[in-house]
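Structure record follows, encoded as structure tokens.
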Amino acid sequence: MSYQEIISKLLKEKKASQLARQWEMGEMTLGRYLKGSRLPDYLTAKKMAEEAGISSGEMLEILAQEELTRKPKTEKISKSFNWLLRIANVRLVRVPATA
């Protein structure tokens with residue numbers, strides 16, 4: 001089962017607003033988890049697993065796999081950001097680090 005399959009299963013059984021109230025969280029926060037723009041914290045992942053009828057261990061594996069698929073995107077962003085910082089340091093006056 002994938003992260004998106006779990007989300008689909010959760011939304012078939014209940015509305016997002018019901019889940020947010022049940023899990024005592026804001027609808028915007030839950031919406032980010034459901035859209036996949038953010039991965040849930042441990043407590044929310046446990047609640048999602050219980051609601052989806054899977055073990056916490058299986059949910060952990062699913063989230064780890066999801067994070068691995070997203071990692072290359074963040075690494076590309078980090079490389080680009082570091083490149084921009086190097087350019088900025090060349091063009092701007094460098095301030096020495098202090099202890």
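The values are calculated or read from the model by the stated rules, or taken from the named source; none is laboratory data. Owing to the predicted nature of the structure, the values given are computational and were not obtained by experimental measurement. Methodologically, a virtual Cβ is constructed for each residue, glycine included, from the backbone with ideal geometry; neighbour enumeration extends over all protein chains shown.
What to note about this one:
- Qualifying positions in the range 9-26 - assigned to a helix (DSSP H, G or I) and either exposed (fewer than 13 other Cβ atoms within 10 Å of the Cβ) or out of contact with any helix residue (DSSP H, G or I) (no Cβ under 8 Å at 6 or more places or on another chain) (or both): Leu11, Lys12, Glu13, Ser17, Gln18, Arg21, Gln22
- Subset of the range 28-61 that is assigned to a loop (DSSP other than H, G, I, E, B) and within 15 Å of the chain's Cα centre (by Cα) - its residue that is modelled with the lowest pLDDT: Gly36
- Listed conditions (1) loosely packed, with under 12 Cβ neighbours inside 10 Å; (2) modelled with pLDDT of 85 or more are all met by Ala88, apart from (2).
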